[in-house]
Structures are given as C-alpha cells and as structure tokens.
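Reviewing the structure listed below.
Computed from the coordinates by the stated procedures, all read-outs in this text should not be read as laboratory data. As the structure is a computational prediction, the values presented were derived from the model and not from experiment. We place every Cβ from the backbone using ideal geometry, glycine too, and count neighbours over all the protein chains shown.
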Amino acid sequence: MPQVSRLLDRFPPSAIAQTFSKATQLRESGRELWDFSSGEPDFDTPEHIRAAAKEAIDQGFTHYTPIDGTSALKEAAAAKFARDNQLDYSPGQIVVGMGAKPLLTNAIEAVVEEGDEVILSTPCWPSHAGMILKAGGRPVRIETGMESGFKISPGALAAAITPKTKAFILCSPSNPTGAVYSAEELRALAEVLTAHPDIWIISDDLYEHIVNDGITFATIAQVAPQLRGRTLTVNGVSKGYAMTGWRIGY
C-alpha cells in the first residue's frame, strides 16, 4: 500500500475547518444556525468594491497575473501602508497572495528550520501553531488571561526567548481574544526584541479595522522602526472589507 508523507503527522486537522464544514452541511439541509467557527464579518462586501469587480470582469481582467500580484495592486497595498500605518514600502517590497493564511505559512517556512522555536501567545488562532509545526518548528506558547487583557508582557516575552528562538508571531487585534496592543505596549515588546537581533517578527494585522471602544490601531513596524528590517507585516481585505472569499492578502 502506498504511504503518504510523514509531513501529515506534524499537525492535526483544523477543528475550525471541521466545524465550518459541519455547519455548512447543516445549513444546506435546512437547519437555521449561528456559526462561530470562522472569522466571518457580519456585513457584505461594500457596493463600490462589488461594482469594480464586475467592471473588471467585463473588461476581461480574468486571466493570469504575476505570481506576487499586479503592479497596480502592489502599488495600492503600498499606498495603504503609507496612509494608514505610516509605513513606507516600495511595490518591490510587497507580495500579494491568495489570502493572508498562505502568506503567513510561506513566511514561517522561509525562516523556520527543524527544531527552531517560534513564540506566540495563547489563546491563539490554531493555524498559527499548525504553520509552525508544518515547518518543523516548535510553538512556544505564552499563556495569557483576563488579568493581562490577553496580552503578553515584556517580561514574559523575554523569559520565553532561548537560543533556539527564530521568530515571534504577534496578532493584534488578536484572533480569537480581540485584544489590541497599544503603541506603548508594542514599544515595550520591541525593546525586548531589539536586544535579540536574530529573531524575526511576524505581525498578523488582519483584524486591523475590527476594533471597539475607540481604540487606535498600531502595528509594531510602525512604532519600532529599528525592527522594520526583520518584521513581516501581513494584512488583507478579508475582515475589514468582508471579502473572505476573495482570497487577497498582502
């Protein structure tokens, strides 16, 4: 009997995907239910975006594009970073992919080798841990709770760093807790990371626009310019614009 790759043994099936599939089956069978398995916004893609997509289809923009995104799309992403985050990136520093999840996976696989450690906070998005395992790394989970606002302290981050630490994944606003790090809190974490120049920082900013209570969003490369050269800032259109099925991340 042919054998499948041992790579499949590195990480379990996604509980989120299994729940989503079950909810879809139940809904198709006529059941009315609320599905809390995936981060699906409760509003529709804005009309002007839908209209632009229809116009693009009518004009024949339905064929292959450069693998890392068209020049126009990368320029738009660069303009967004400059406008919203005060981050000055050239289009040559932008990669557009089929959603943020593949980009995060590729980034982790690009820097993590067998036995490397990657720090992340918990509760976490299960896929973050799965990506690390798939790359052969070991997730180092820093437990957070209500008393800390589900945020990592600088002391906890410093204590988790070892000679094997290769990367730190920062997700703010957090999936799933919703915790948002202030600019001051990010600067405090950045002080710890500045002392460890061999650690990559992966900033998952997908929920940038899903904030409450007048909170102002900030991202670590924005508030800690000394880390920009080793920070990958990942964003996309899924959450802020209810375009989860469009699969556009950058």
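Here are the numbers for the structure shown:
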read-out	value
Long-range amide H partners of Leu87 with built H, under 5 Å	Ala82
Label corresponding to Cα extents along the principal axes in Å when calculated from the structure given, among (1) 54, 51, 43; (2) 62, 43, 34; (3) 48, 42, 38	(1)
All lysines inside 27 Å of Lys164 as judged from Cα atoms, apart from same-chain residues fewer than 8 positions distant	Lys101, Lys134, Lys151
For peptides 198-205, 111-118, sequence by mean Cβ density within 10 Å, most packed first	198-205, 111-118
Ellipticity estimate at 222 nm from DSSP helix runs (n ≥ 4, -39,500 (n - 2.57)) divided over the chain, nearest 500	-10000 deg cm²/dmol
Fraction of beta bridges assigned by DSSP in region 101-250 that are antiparallel (%, nearest 5)	5
Kyte-Doolittle mean at least 0.0 and Cα axial length at least 15 Å: DSSP H helices in the chain	100-111, 183-194
Label-point gap, in nm, between Val140 and Phe20 - each point 7 angstrom along Cα→Cβ	3.0
Alpha carbon centroid spacing (whole Å) that separates region 137-180 from region 73-122	19
Spin-label model distance (nm) - Ser90 vs Trp246, 7 Å beyond Cα toward Cβ	2.8
Gyration tensor verdict on region 44-192 (Cα atoms; rounded if a/c is under 1.5, prolate if a/b is larger than b/c, oblate otherwise)	prolate
